[in-house]
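*Asks:* Have a look at this one.
The values are calculated or read from the model by the stated rules, or taken from the named source; none is laboratory data. Since this is a predicted model, take the numbers as computed values, not measurements. In this analysis, Cβ positions are derived from the backbone assuming ideal geometry, glycine residues included, and neighbour counts consider all displayed protein chains. With ligands, DNA and RNA removed, areas are computed over all heavy atoms of the protein, side chains included. Shrake-Rupley method; radii C 1.70, N 1.55, O 1.52, S 1.80 Å.
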Amino acid sequence: MAGATEKGGAAVWLLAVGQTLIYAGSYYSFPALLPDLEAATGWSKGTLALGPTLAFLVMAGLTPFTGRLVDRGLGGEMLTVLPGMMALAVAGLGLVESLAGWLALWAVIGVAQAGSLYETCFAFLTRRLGYGARAAITRVTLVAGFAGTLAFPLGHWLGQVLGGQGALVAFAGLMVLVIPLNRVAVRQLRRRERPGTVLPSATPGMLQAALRKPAFWIIAGGFTAVYLNHGVLLTYVLVLFADRGADPTLAAIAAACIGPAQVAGRLVLLAAGARLSTGRATVMSMGGVVLASLLLILAGVAWPLIFAFALAQGAGAGLMSILRPVLIAEVLGREGFGVISGAVAVAPILASAAAPSVGAALLALGGPGLVYAACLVLAATGLGLMLVLLRRRDGV
């Protein structure tokens with residue numbers, strides 16, 4: 001019974017389903033419906049993309065604040081209330097007719113995302129489960145890794161039946177289910193609390209103390225580099241695969257391998273358990289991203305290597321969402337984890353928001369060749385910083 005309590009039991013799986021639905025409805029629904037949204041609104045891809053970019057920026061600005069709320073014991077309330085707010089905003093996207101309204105609703109989505117996606121969920125689990133959080137976080141990401149697998153075929157079908165904006169209303173209905181799932185999960189986790197398990201609220205000055213530690217900036221810099229690498233490659237993956245010589249069908253099949261590879265990497269980490277330290281797992285996953293960039297360059301000689309790239313990139317980058325919160329807790333401490341984790345997350349979230357623009361600029365300046373080189377440098381930078389961190393702290 002103690003083991004189930006430490007790992008969160010069924011409550012963790014409920015949170016996992018909730019994260020899957022909310023990511024499918026708010027994150028993946030946009031790319032899944034992009035052609036249908038163009039047809040429905042008459043706006044260009046770039047104009048439509050201003051919405052998700054704005055949501056990322058709002059989310060980045062609010063994540064330290066929502067992390068502080070988790071430290072004060074309000075993580076469960078955010079996980080319960082904000083999915084409803086997000087569902088209403090996504091439904092509004094299906095009805096809005098002006099660009100100003102489109103952007104305003106995406107700003108609301110950014111507010112809700114800051115308090116209901118991975119950052120808040122993982123901070124809540126870390127606060128409740130302490131050392132049992134790594135296994136729980138792995139389980140959540142294991143299930144939520146299929147959010148794209150759910151969203152793309154569902155979006156294709158809904159877009160044909162309801163049109164782009166009508167499909168968004170349907171996705172909003174899907175996200176309403178997150179509210180009861182998260183509510184039950186939060187209640188179960190709080191009911192199972194044992195004395196000494198839940199972390200105390202952060203004392204004043206915890207964030208300032210963390211900011212003075214080189215480890216904070218090493219972790220933030222390393223994950224930012226890899227998130228920018230992954231964002232650029234994922235956004236332009238079909239363009240890059242075509243440049244390597246793959247026809248559109250094979251390029252789409254290879255790109256589809258990235259998601260399952262993420263889940264496979266998470267399964268390996270789950271199976272390894274405590275036998276593989278968090279620091280070494282982080283180095284290995286970032287090494288996988290470096291290998292992926294090298295494989296993409298070599299695919300210019302043998303295009304089938306795009307499949308090897310997809311597997312290496314997916315497995316390596318797929319572990320980042322698990323390893324970052326666990327590494328922060330182990331290196332910077334669990335007290336004040338919410339606000340510290342939120343502060344570390346700002347730069348990686350901004351990197352994700354900037355990735356489409358950065359990739360477009362690289363393509364315009366030097367074509368795909370410059371993208372390959374820049375992404376290799378970013379991956380190597382992330383790996384190098386993690387090696388420095390590992391050397392600075394024995395046993396990470």
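*Asks:* Only one of Gly115, Gly61 is under 21 Å from Val326 (Cβ atoms) and either surrounded by fewer than 20 Cβ atoms within 10 Å (Cβ to Cβ) or not charged (D, E, K, R) (or both). Can you tell me which?
*Replies:* Values: Gly61 fails: under 21 Å from Val326 (Cβ atoms).
Answer to the selection: Gly115.
*Asks:* Then there is this: When only residues in region 213-236 that are open to solvent by 30 Å² or more (accessible area, probe 1.4 Å) and either touching a Phe, Trp or Tyr at 6+ places or on another chain (Cβ under 7 Å) or of a type in the set (Val, Ile, Thr) (or both) count, which is modelled with the highest pLDDT?
*Replies:* Per the criteria, the residue is Thr224.
*Asks:* Give the residues of region 301-358 that are of a type in the set (Ser, Thr, Tyr) and farther than 17 Å from Phe216 by Cα, sorted by residue number. Spell out how you get there, then give the answer.
*Replies:* The first filter runs over region 301-358 and keeps only residues of a type in the set (Ser, Thr, Tyr), leaving 321, 341, 352, 357.
Those that are of a type in the set (Ser, Thr, Tyr) and farther than 17 Å from Phe216 by Cα: Ser352, Ser357.
*Asks:* Looking at (1) open to solvent by 10 Å² or more (accessible area, probe 1.4 Å); (2) among the β-branched types (Val, Ile, Thr); (3) within 20 Å of the chain's Cα centre (by Cα), which one does Thr41 not meet, given that it meets all the others?
*Replies:* (3) is the only condition that Thr41 fails.
*Asks:* Looking at region 121-133, can you tell me whether even one residue there is among the basic types (Lys, Arg) and over 17 Å from the mean Cα position of the chain (by Cα)? Walk me through how you get there before you give the answer.
*Replies:* Restricting attention to region 121-133, the residues satisfying the condition of being among the basic types (Lys, Arg) are 127-128.
Remaining after also requiring over 17 Å from the mean Cα position of the chain (by Cα): 127-128.
Yes, there is a match, as at least one residue in region 121-133 is among the basic types (Lys, Arg) and over 17 Å from the mean Cα position of the chain (by Cα).
*Asks:* Within region 72-84, does at least one residue satisfy the condition of being among the charged types (D, E, K, R), open to solvent by 20 Å² or more (accessible area, probe 1.4 Å) and either over 18 Å from the mean Cα position of the chain (by Cα) or more than 18 Å from Gln19 (Cβ to Cβ) (or both)? Steps first, answer last, please.
*Replies:* Step one: list which residues in region 72-84 are among the charged types (D, E, K, R), which gives 72, 77.
Next, only the ones that are open to solvent by 20 Å² or more (accessible area, probe 1.4 Å) stay: 72, 77.
Imposing the further condition that a residue be either over 18 Å from the mean Cα position of the chain (by Cα) or more than 18 Å from Gln19 (Cβ to Cβ) (or both) reduces the set to 72, 77.
Yes, region 72-84 contains a residue that is among the charged types (D, E, K, R), open to solvent by 20 Å² or more (accessible area, probe 1.4 Å) and either over 18 Å from the mean Cα position of the chain (by Cα) or more than 18 Å from Gln19 (Cβ to Cβ) (or both).
*Asks:* When you check Ile109 against the structure, is it open to solvent by less than 10 Å² (accessible area, probe 1.4 Å), at pLDDT below 90 and not aromatic (Phe, Trp, Tyr), yes or no?
*Replies:* Numbers: open to solvent by less than 10 Å² (accessible area, probe 1.4 Å): yes; at pLDDT below 90: no; not aromatic (Phe, Trp, Tyr): yes.
No: the conditions fail for Ile109.
*Asks:* Can Ala246 be described as within 30 Å of Leu387 (Cβ to Cβ), crowded, with 19+ Cβ neighbours inside 10 Å and modelled with pLDDT of 80 or more? Can you show your working first?
*Replies:* On the way: within 30 Å of Leu387 (Cβ to Cβ): no; crowded, with 19+ Cβ neighbours inside 10 Å: yes; modelled with pLDDT of 80 or more: yes.
Here the answer is no, as Ala246 does not meet what is asked.
*Asks:* Still on this model: Pairs only if they're at least six apart or on different chains, beta carbon under 6 angstrom, first in region 321-344 and touching a residue at least 24 places away in the same chain (Cβ under 8 Å), second in a helix (DSSP H, G or I) and among the aromatic types (Phe, Trp, Tyr); list them, first residue then second.
*Replies:* From residues that are touching a residue at least 24 places away in the same chain (Cβ under 8 Å), the pairs are Ser321/Tyr118; Arg324/Phe223; Pro325/Phe122; Ala329/Phe337.
*Asks:* Another one. Please verify whether Val239 is of a type outside the set (D, E, K, R), open to solvent by less than 20 Å² (accessible area, probe 1.4 Å) and touching a residue at least 40 places away in the same chain (Cβ under 8 Å), treating the condition exactly as stated. Working first, answer last.
*Replies:* Details: of a type outside the set (D, E, K, R): yes; open to solvent by less than 20 Å² (accessible area, probe 1.4 Å): no; touching a residue at least 40 places away in the same chain (Cβ under 8 Å): yes.
It is false that Val239 is of a type outside the set (D, E, K, R), open to solvent by less than 20 Å² (accessible area, probe 1.4 Å) and touching a residue at least 40 places away in the same chain (Cβ under 8 Å).
*Asks:* Give the number of residues within region 136-174 that are of a type in the set (A, V, I, L, M), modelled with pLDDT under 90 and open to solvent by 30 Å² or more (accessible area, probe 1.4 Å).
*Replies:* 3
*Asks:* Taking Leu117 as the residue in question, decide whether it is closer than 30 Å to Pro260 by Cα, in contact with a Lys or Arg (Cβ under 9 Å, 6 or more places away or on another chain) and at pLDDT 90 or above. Reasoning before the result, please.
*Replies:* On the way: closer than 30 Å to Pro260 by Cα: yes; in contact with a Lys or Arg (Cβ under 9 Å, 6 or more places away or on another chain): no; at pLDDT 90 or above: yes.
Judged against the criteria, Leu117 is not a match.
*Asks:* Moving on. Which of the residues belonging to region 8-38 are surrounded by 18 or more Cβ atoms within 10 Å (Cβ to Cβ) and outside any helix (DSSP H, G or I)?
*Replies:* Result: Gly8, single match.
*Asks:* Enumerate the pairs (first residue in region 22-37 and at pLDDT below 85; second residue anywhere and open to solvent by 10 Å² or more (accessible area, probe 1.4 Å) and basic (Lys, Arg)) with beta-carbon separation below 8 Å, excluding pairs fewer than 6 apart on the same chain, so at least 6 apart or on different chains.
*Replies:* As it stands, the answer is Leu34/Lys45, since those pairs meet every condition given.
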